[in-house]
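Novice: Before I ask anything, let me first share the structure, which is written out below as structure tokens.
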Amino acid sequence: MVSKIIEKFGAKNIELVEALGRIVIFFLTGIKNIFVLPFQFNKIIDHTWFIGSKSIFVIALTGFFTGMVLGLQSYHALLRFGSEAALGSAVAITLITELGPVFTAIMITARAGSAMAAEIGVMRISEQIDALKTMHINPVRFLFTPRIIAAFISFPLLTAIFNILGLLGGFVSGSLMLGINKYVYMDTVFSSVNVNDILGGFYKAFVFAVIVTTICCYQGFYTHLFKGFGARGVSLSTTNAVVFSCIAIFISDYIITFFLV
């Protein structure tokens, strides 16, 4: 009985180490191929359109209502201490340093990350990836490298859009609906936010771009290694891509915040 438990424990650890090794090699191979000629400009543009442009609406909508909710909640919290004039500062710092990059990454994971995992997973089970290898085309370079470049471009820009719409939502909620002086609101926004706050949010956006793209593409690329094959394998890899990406986003967010604060 004890030997079986030890055996299962050891097998799980071996699987974990193998998975970590695969994802590190997968990531390094994709990064290395960024600098291999010829550059895949057409694919980069296509993926930037898919990850970035097609996500603008959902990011803008989420950012605006996040700002409205944040303005409403912060107003009533600050009102207890007679500090409601600092509403703009509370909304701006919270959005730019924390909620903006995190919520943007989660929404992109839900919309584009799941699609990446499913698309590559279908290519795996339909043997299209094996066909690329047969034609001496590096599948990691073909499938992963353009997507991570597109993510580097899209994540910071979408984070900026989220922040701007979030500040506007906080303005609507705090000034137009709750009566905070609009000039006081905007003055506290500009006076409380500095360059380091903005750069910190963009640092997080770049890290989240790496995390989301790597995990989602990896899950799709190795769909055949998960329990279940065919449609079930694709569904599992897509679900795992979203769940693992969100967990990694929160963990890395804490680590980055710990060093930036």
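Novice: In the stretch 29-44, what count of residues is obtained for those that are more than 19 Å from the chain's Cα centre (by Cα) and under 23 Å from A112 (Cα atoms)?
Specialist: Within the stretch 29-44, residues that are more than 19 Å from the chain's Cα centre (by Cα) and under 23 Å from A112 (Cα atoms) number 8.
Novice: If you check I23 against the conditions, is it of a type outside the set (G, A, S) and within 25 Å of P139 (Cα to Cα)?
Specialist: Judged against the criteria, I23 is a match.
Novice: Oh, and also: Sort out for me the helices (runs of 4 or more DSSP H) sitting completely within the stretch 1-80 that have 1 or more residues that are in contact (Cβ under 8 Å) with a residue 40 or more places away in the chain and touching a Gly at 6+ places or on another chain (Cβ under 8 Å).
Specialist: Those helices (runs of 4 or more DSSP H) span 56-79.
Novice: Let me ask something additional. Against the definition (out of contact with any Pro (no Cβ under 6 Å at 6 or more places or on another chain), hydrophobic (A, V, I, L, M, F, W, C), within 30 Å of V234 (Cα to Cα) and surrounded by fewer than 24 Cβ atoms within 10 Å (Cβ to Cβ)), how does A86 come out, yes or no?
Specialist: Taking the combined requirement at face value, the residue does not satisfy it.
Novice: Modelled with pLDDT of 90 or more, surrounded by 14 or more Cβ atoms within 10 Å (Cβ to Cβ) and not acidic (D, E), is that true of G100?
Specialist: yes
Novice: Quickly run through the stretch 9-55 and pick out the residues that are more than 16 Å from I149 (Cβ to Cβ) and charged (D, E, K, R).
Specialist: If the condition is that a residue be more than 16 Å from I149 (Cβ to Cβ) and charged (D, E, K, R), then K12, E15, E18, R22, K54 are the ones that fit.
Novice: Kindly indicate whether S83 is of a type in the set (S, T, N, Q) and farther than 29 Å from T109 by Cβ.
Specialist: Spelling it out, S83 is indeed of a type in the set (S, T, N, Q) and farther than 29 Å from T109 by Cβ.
Novice: Kindly establish whether V212 is modelled with pLDDT of 90 or more and either under 19 Å from the mean Cα position of the chain (by Cα) or buried (at least 21 other Cβ atoms within 10 Å of the Cβ) (or both).
Specialist: yes
Novice: Look through the stretch 167-209, keep the residues that are surrounded by 15 or more Cβ atoms within 10 Å (Cβ to Cβ), aromatic (F, W, Y) and over 23 Å from the mean Cα position of the chain (by Cα), and return whichever of them is modelled with the lowest pLDDT.
Specialist: Among residues in the stretch 167-209 that are surrounded by 15 or more Cβ atoms within 10 Å (Cβ to Cβ), aromatic (F, W, Y) and over 23 Å from the mean Cα position of the chain (by Cα), the one modelled with the lowest pLDDT is Y185.
Novice: Return only the number of the condition from (1) free of Cβ contacts under 8 Å to residues at least 12 places away in the same chain; (2) touching an Asp or Glu at 6+ places or on another chain (Cβ under 8 Å); (3) not basic (K, R) that L225 does not satisfy.
Specialist: Of the numbered conditions (1) free of Cβ contacts under 8 Å to residues at least 12 places away in the same chain; (2) touching an Asp or Glu at 6+ places or on another chain (Cβ under 8 Å); (3) not basic (K, R), the odd one out for L225 is (2).
Novice: Among what's in the stretch 103-136 and is over 19 Å from F50 (Cβ atoms) and among the aliphatic types (A, V, I, L, M), pick the residue that is surrounded by the most Cβ atoms within 10 Å (Cβ to Cβ).
Specialist: I129
Novice: Taking the conditions exactly as written (free of Cβ contacts under 8 Å to residues at least 60 places away in the same chain and surrounded by 19 or more Cβ atoms within 10 Å (Cβ to Cβ)), does F144 satisfy them or not?
Specialist: no
Novice: Cβ-Cβ below 9 Å, separation at least six or inter-chain, first residue in the stretch 112-140 and farther than 30 Å from V58 by Cβ, second aromatic (F, W, Y): which pairs?
Specialist: L132/F142
Novice: Any chance the stretch 228-236 includes a residue that's charged (D, E, K, R) and under 18 Å from A160 (Cβ atoms)?
Specialist: no
The values are calculated or read from the model by the stated rules, or taken from the named source; none is laboratory data. Since we're looking at a predicted model, the values are computed, not measured. Cβ atoms come from the backbone with ideal geometry, glycine included; neighbour counts cover every protein chain shown.
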